[in-house]
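Have a look at the structure below, then the notes.
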Amino acid sequence: MKPFPLLLCVLTLVAQAELQIQLDPGVLIEEVDPAMPAPEAKGHGAAAQAEAEKELFDEVEFLSGEWLSGSLKSFTQGKISWEHPDGLGEFEWTLKNLQEIRLRESRLAKDAFSGLPRVQLVNGDVWHGELLRLADGTLSIRHPLAGVLNLKAGMVASIEVPSPTKAIYEGPNSIDEWKMAGQDSWKYGQGALYSVQQGHWIGRKLSDLPDKAHIHFKAQWRGQPQLGVVFWCDNLQNMHQDSFNLMVQGNYFRCYRYANHRGNGDLGATNVDQFMTKTEAVFDLYLDRKAKKMSLMVDGVMIKEWRDTTGADIEGKHLLFQNNGGGATVKLSQIRVSGWDGKLGEEEEEKGKEEDYLQFRNGDGFHGELLGIADGHVKVKSQFAEFSAPIEGMSFLRLAASSREALTDSSELPVIVWADGSRSRFALRAMKEGKIQGDHNALGDVAIPVEAVSALEFNLGDERRENAADFW
């Protein structure tokens, strides 16, 4: 990234004359979340971190790779109005030259999404909210910040109701939460960890890690990914002593079991061809210590389940990440570790796709027809009978493929990244009075509070990105 040349140019323009720019409507293209550079450190330790958090600015990043901090004041008619923190006034830029706007206000809303049902649409968009009612072709949810939203039921693919477990860890929040191999081999900035030196690990102890756990994180990389994720680790200084190690090597996923005095056990690998074209992915690891197994989902798709074949018990409480080289640099964010109820709704994904499927927390599952949702209960008709059950006892609901409507192509629309990291595509119109206004093909006209949004992504398929400077 190159923040300084653009700023110098702006200062020069301000000194010489009033800044005037011809504004054209922007064309907004496909969903990709660009990586961003770790900011330069301004000190060390918790005190420096606290000082850095006092002033939180929005950031605008251009397709040229340059970026500026400041405040997003408004956008409308294909342009944004931006205020620089040094009192230089407001500037305007067209959307067609932007790649991302990162918003500070979402940090205040990070916990608002915790524990809420997750509604996924057929195009992959995700909405969180309390389930209010499903009737007459409309699913009504109460979004934690946007209020009641009415989604077209035919555009809903699935609903996941998370178990009521509090996060054991959620971050990263500072470098001081972690230990690392090598001096300054990893850095922290803007809610993410960045590998500075290849071959070095960063890790922390999770004292309250339960026997069944869910590890969620987002990884981004430049080059071919060579990422290691080590869990149930007994000793940070010797990850090979007693641990599980998930290795991401290009498009291969392999799991090893390191056991004291038993050597290394290769638990097997799988190949995901489409992974070669990715520069980022969301990982979900579901761990069951007593059953000695781990299931991996990437971007919501089940990849593989591995089982320990050594027969040895494992008691470690450490989590560790390692950039194993391969010329890649790695960014880690949205790390969340929590308890897990042991159930995966995706286990039934291939069964009865022409019927709705409802799974409960106790493991019971039913194929049939979803009749409706009301008053905190879901009503289902199975081949045996009609019954009603409380939503809080439900873990997963998949709507039959035959009942789903086709969405119009939204791949060229901008992306809203929510405060919890989930994403939705919008035809954005304007931002004013603290609301982002736009059109969504499952909602129609909608206004979203700015504090619910982490970032806005634009023009991410633009060929100018290919020529931009490296992100890290």
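Quick look at the numbers
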{"read-out": "Label point at Q241 placed 7 Å out along Cα→Cβ; residues across the stretch 201-225 whose backbone nitrogen lies under 20 Å", "value": "201-209"}
{"read-out": "Amide H contacts of G268 (H built 1.01 Å from N, under 5 Å, at least 5 apart or other chain)", "value": "C255"}
{"read-out": "Where labels lie 7 Å past Cα in the beta-carbon direction, separation of E386 and N260 in nm", "value": "6.0"}
{"read-out": "Estimated inter-spin distance, D375 and D445, nm [label 7 Å along Cα→Cβ]", "value": "3.4"}
{"read-out": "Set K166/K205; K166/K381; K218/K381 screened for pairs whose C-alpha atoms are more than 27 Å apart", "value": "K166/K381; K218/K381"}
{"read-out": "Integer Hz, Karplus 6.51/-1.76/1.60 couplings in order for the stretch 332-343, x for Gly and Pro", "value": "10, 8, 6, 7, 9, 10, 8, x, 9, 7, x, 10"}
{"read-out": "Principal axes of the stretch 167-339: Cα extent on each, largest first, Å", "value": "40, 37, 29"}
{"read-out": "Length released on extending from E354 to A167, taking residue separation times 0.36 nm less the Cα-Cα span", "value": "63.8 nm"}
{"read-out": "Under 5 Å, built H, 5+ apart or other chain: amide partners of E66", "value": "K2"}
{"read-out": "Table column - 3J(HN,Hα) (Hz), the stretch 381-396, Karplus curve with 6.51, -1.76, 1.60, x for Gly and Pro", "value": "10, 9, 5, 9, 5, 8, 8, 10, 9, x, 4, 5, x, 8, 10, 7"}
{"read-out": "Two-site FRET efficiency, A312 against F57, from Cβ-Cβ distance with R₀ of 51 Å, rounded to 0.05", "value": "0.50"}
{"read-out": "Convex hull volume per residue in cubic angstrom - Cα atoms of the stretch 261-321", "value": "119"}
{"read-out": "Computed FRET value (nearest 0.05) for Q183 with K432, which takes r as the C-beta separation and R₀ as 35 Å", "value": "0.15"}
{"read-out": "Distant-in-sequence amide H partners of A312 (H built 1.01 Å from N, under 5 Å)", "value": "none"}
{"read-out": "Karplus (6.51, -1.76, 1.60) ³J(HN,Hα), θ = phi - 60°, over the stretch 279-295, in Hz, Gly and Pro reported as x", "value": "10, 7, 6, 9, 10, 10, 9, 10, 10, 10, 5, 5, 7, 6, 9, 9, 10"}
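A short reminder: the numbers here are calculations on the coordinates, not readings from a lab. Bear in mind that the values here come from a model prediction, so they are computed numbers and not experimental data. Positions of Cβ are generated from backbone atoms using ideal geometry, with glycine treated the same way; all protein chains shown enter the neighbour counts.
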